[in-house]
Amino acid sequence: MVDLSVFDVSIIILFFAITLFIGIYVSKQSGKSSAEYFLSGRSMPWWLLGVSMVATTFSTDTPNLVTDIVRNNGVSGNWVWWAFLITGLLTVFVYAKLWRKSKVNTDIEFYELRYGGAPARFLRSFRAIYLGIIFNILAMAGVTLAAIKIGSIMLDLEPIETVLYAGVIAMIFSALGGFKGVVYTDFILFFTAMAGAIGAAYYLVGLPEVGGLEGLLQHENVADKLSILPDFSNTEALITLLIIPLAVQWWSSWYPGAEPGGGGYIAQRMLAAKDENHAIGATFFFNIMHYALRPWPWIIVALVSLVVFPDLVSIQEAFPNVAEDKLGHDLAYSAMLTKLPSGLLGLVLASLVAAYMSTISTHLNWGSSYIVNDFYKQQINKNATEKQLVAVGRISTVLLMVFSALFALVLQNALQLFDIILMFGAGTGLIFILRWFWWRINAWSEISAMFVSGVVSMLITFTSLGEILFGNEAIMPSWAKFPFIVLVSSIVWITVTYLTQPESKDVLQLFYKKIQPGGPGWNKVVTEARAENIEIIDTNEGWSVPSGIIAMLVGCVLIYSVMFATGHFIYGEHISALALSGLAVASALVLIKLWKKIKTNIL
């Protein structure tokens, strides 16, 4: 437990006061209608939405997750989520404008735009529950678990105390302020969280037992953890940490904040943008900050923790009051923060509270939007007034918080939950990418993929089948688990697609006319429409997808170059860092030219 000074407590109280003031201040306007409560009237600028995306994904469990990864698999272990950059940039340059043009209130509403009939209505309602409640509760439980560990290490709080203190404040703020409160507060939360993370990394590297940056990089516990790329001579590590994430995971798995084809709370922010260009600008800014710059303060603290707390035994000895079922390598991040001085400690604690509230408030508003727009309004009360919809939104916000907090109390570590969510979403991602550009995909394609990926994941994770297939002496190596789920799910949904009837031509033509997806995947629909003297192509708009894909590849080179360059500067490898910086500049110049072409096609 750390001793908080009056100054530390004052910083935290001031932060809480500002956050709650914003929530109360915008509550009246947010309560006017469901569109205001969930999308803020579709009037948000790119920079505010971009900062909100970054703040939302900067949750209390993220530094814990990164610490867990680095301590177990080294810096290169982060490719398990760095690979999602490809997904993110595909969203930026291909899908952001499509989402904004759809003008749906939630990404789940998309189902009744793209598909028709009873299957579409079922899919919309089921996904609202599946994602808005089940997946959302899992994600929020992971964030709350991190708060529990921070509370137990730094403040000697019991898990239930942390849940009550942190959860109640986040719940009240979210229920009052709606989406506008979330986004406005995110702007403050982002800078608070970044200042805390950078300040903590800078101070902890200077601890006497660490010996500065040079001492850290040369320490025997750290030296073999520094490589940004996995050891190419270790086949299993190479396949698990790099090949599978880059070859399979990024396009095949649904994960909150990195959904193939966009979706979730990222889609919510794109839908709230002023126009298509603001939606693109927001998502691009988010991807630069999320992948290129933000991870390094967490990575540094994780490496420092290997010096100060080399194993779980040392953590347990230093913090004997931590419950046995909560002991894990992810605790090391919180353990390191206990060594911060007064003032910086208050700022870091405020930044952790900021990270928690930003993520939780986003998930609560996002999940509540599904419950209200895609379940309650569709299945329970189709004639609900705007006042009723906002009331249901606020009630569902409270219930989501309660259930996620209860689930957090039984979890053990962040990496455990990350793996479960990845597997449950395995195999569905390809549909989310192709459904915009291939007319043949129907509602049954998505329904079958969703159910098969969930069932196979549960069988492998919670039954003896997992041991039989992927155990120590099993049929397949352990790294094959994720590709196996993807393969089975993909075979099933592609088969179902061809065995079931396509969507009606009216549904397909209306979708094409509104979205203008373009491409050879819609040739059949366009040809049939013209045969009936129906023109569904807007001749004023060019097909920007080829340019978008090239921009995505160039953007990956740009952001990975910045990420690698930052790492090499930290490691003191200045020649390679400068070379990578030059590659980043060249990529940026190419990307500017491509962007002008894409923007012309949009306009």
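The values are calculated or read from the model by the stated rules, or taken from the named source; none is laboratory data. These figures come from a predicted structure and were not determined experimentally. Neighbour counts are summed over all protein chains in view; Cβ atoms, including those assigned to glycine, are modelled from backbone coordinates with ideal geometry.
Among (1) closer than 26 Å to I315 by Cβ; (2) over 20 Å from the mean Cα position of the chain (by Cα); (3) among the hydroxyl-bearing types (S, T, Y), there is one condition S76 misses while meeting the rest; what is its number? Tallying (1) closer than 26 Å to I315 by Cβ; (2) over 20 Å from the mean Cα position of the chain (by Cα); (3) among the hydroxyl-bearing types (S, T, Y), S76 fails exactly one: (2). Take the conditions (1) more than 24 Å from the chain's Cα centre (by Cα); (2) at pLDDT below 80; (3) of a type in the set (A, V, I, L, M); V222 misses just one of them, which is (2).
Yes/no per residue for (1) among the basic types (K, R); (2) farther than 27 Å from F110 by Cβ; (3) surrounded by 18 or more Cβ atoms within 10 Å (Cβ to Cβ):
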residue: T495; (1), (2), (3): no, no, no
residue: Y498; (1), (2), (3): no, no, no
residue: E503; (1), (2), (3): no, no, yes
residue: G518; (1), (2), (3): no, no, yes
residue: E535; (1), (2), (3): no, no, no
residue: W543; (1), (2), (3): no, no, no
residue: I559; (1), (2), (3): no, yes, yes
residue: A565; (1), (2), (3): no, yes, yes
residue: I575; (1), (2), (3): no, yes, no
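Are any of the residues in segment 479-493 farther than 30 Å from G466 by Cα, out of contact with any Gly (no Cβ under 6 Å at 6 or more places or on another chain) and buried (at least 18 other Cβ atoms within 10 Å of the Cβ)?
Let us first name the residues in segment 479-493 that are farther than 30 Å from G466 by Cα, namely none.
No, that holds for no residue.
Taking the conditions (1) under 25 Å from V205 (Cα atoms); (2) at pLDDT 85 or above; (3) in contact with a helix residue (DSSP H, G or I) (Cβ under 6 Å, 6 or more places away or on another chain); (4) surrounded by fewer than 23 Cβ atoms within 10 Å (Cβ to Cβ) in turn, G343 satisfies each one other than (2).
To keep it simple, each residue is scored yes or no on (1) buried (at least 21 other Cβ atoms within 10 Å of the Cβ); (2) assigned to a helix (DSSP H, G or I); (3) free of Cβ contacts under 8 Å to residues at least 12 places away in the same chain.
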| residue | (1), (2), (3) |
| --- | --- |
| I69 | yes, yes, no |
| F93 | yes, yes, no |
| V104 | no, no, no |
| I108 | yes, yes, no |
| Y111 | yes, yes, no |
| I129 | no, yes, no |
| F173 | yes, yes, no |
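Can you list the helices (runs of 4 or more DSSP H) lying wholly within segment 435-505 that have 3 or more residues being closer than 30 Å to G518 by Cβ and of a type outside the set (S, T, Y)?
Numbers: elements: 443-462, 465-470, 481-499.
Those helices (runs of 4 or more DSSP H) span 443-462, 481-499.
Of the residues making up segment 16-30, not a single one is part of a loop (DSSP other than H, G, I, E, B) and in contact with a helix residue (DSSP H, G or I) (Cβ under 7 Å, 6 or more places away or on another chain).
Look through segment 524-546, keep the residues that are without any contact (Cβ under 8 Å) to a residue 60 or more places away in the chain and part of a helix (DSSP H, G or I), and return whichever of them is nearest to S76 (Cα to Cα).
First, pick out the residues of segment 524-546 that are without any contact (Cβ under 8 Å) to a residue 60 or more places away in the chain: 526-540, 542-543, 546.
From what's left, part of a helix (DSSP H, G or I): 526-531, 546.
Working: V526: 46, T527: 49, E528: 50, A529: 51, R530: 53, A531: 55, P546: 31 Å.
Here the residue is P546.
When each of L246, L242, L238, L306 is tested for being free of Cβ contacts under 8 Å to residues at least 24 places away in the same chain and closer than 20 Å to G77 by Cβ, the lone residue that passes is L238.
Residue-by-condition table, conditions (1) of a type outside the set (A, V, I, L, M); (2) part of a helix (DSSP H, G or I); (3) more than 28 Å from Y130 (Cα to Cα); (4) without any contact (Cβ under 8 Å) to a residue 40 or more places away in the chain:
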| residue | (1), (2), (3), (4) |
| --- | --- |
| I198 | no, yes, yes, no |
| E209 | yes, no, yes, no |
| L217 | no, yes, yes, no |
| G281 | yes, yes, yes, no |
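Would you call L98 touching a Pro at 6+ places or on another chain (Cβ under 8 Å), within 27 Å of K377 (Cα to Cα) and touching a residue at least 24 places away in the same chain (Cβ under 8 Å)? Steps first, please.
Values: touching a Pro at 6+ places or on another chain (Cβ under 8 Å): yes; within 27 Å of K377 (Cα to Cα): yes; touching a residue at least 24 places away in the same chain (Cβ under 8 Å): yes.
When the stated conditions are applied, L98 passes them.
For segment 243-260, state whether one or more residues are under 17 Å from the mean Cα position of the chain (by Cα), in a helix (DSSP H, G or I) and over 14 Å from G88 (Cβ atoms). Scanning segment 243-260, I find at least one residue that is under 17 Å from the mean Cα position of the chain (by Cα), in a helix (DSSP H, G or I) and over 14 Å from G88 (Cβ atoms), so the answer is yes. Does V590 satisfy being under 18 Å from I280 (Cα atoms) and touching a residue at least 12 places away in the same chain (Cβ under 8 Å)? Against the criterion (under 18 Å from I280 (Cα atoms) and touching a residue at least 12 places away in the same chain (Cβ under 8 Å)), V590 qualifies. Assuming G177 fulfils every condition listed in (1) crowded, with 22+ Cβ neighbours inside 10 Å; (2) at pLDDT 90 or above apart from one, which condition is it? Failing condition for G177: (2). Filtered by the rule that a residue be assigned to a helix (DSSP H, G or I) and surrounded by 13 or more Cβ atoms within 10 Å (Cβ to Cβ), segment 224-234 gives a lone residue, K225. Being within 23 Å of the chain's Cα centre (by Cα) and of a type in the set (A, V, I, L, M, F, W, C) is the filter here, so list the residues in segment 376-410 that pass it. Correct list: V398, L399, L400, M401, V402, F403, A405, L406, F407, A408, L409, V410. Residues that are within 13 Å of the chain's Cα centre (by Cα) and not polar (S, T, N, Q) within segment 262-286 comprise G262, G263, G264, Y265, I266, A267, R269, F286, listed in sequence order.
The rows are residues; the columns are (1) at pLDDT 85 or above; (2) among the aliphatic types (A, V, I, L, M); (3) out of contact with any Cys (no Cβ under 9 Å at 6 or more places or on another chain).
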site: S358; (1), (2), (3): no, no, yes
site: F375; (1), (2), (3): yes, no, yes
site: V392; (1), (2), (3): yes, yes, yes
site: V398; (1), (2), (3): yes, yes, yes
site: S404; (1), (2), (3): yes, no, yes
site: F407; (1), (2), (3): no, no, yes
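Here I395 does not qualify as in contact with a helix residue (DSSP H, G or I) (Cβ under 7 Å, 6 or more places away or on another chain), part of a helix (DSSP H, G or I), within 19 Å of I133 (Cβ to Cβ) and not charged (D, E, K, R). Scanning segment 564-587 for residues that are free of Cβ contacts under 8 Å to residues at least 60 places away in the same chain and closer than 29 Å to I280 by Cβ turns up A565, L580, S581, G582, L583, A584, V585, A586, S587.
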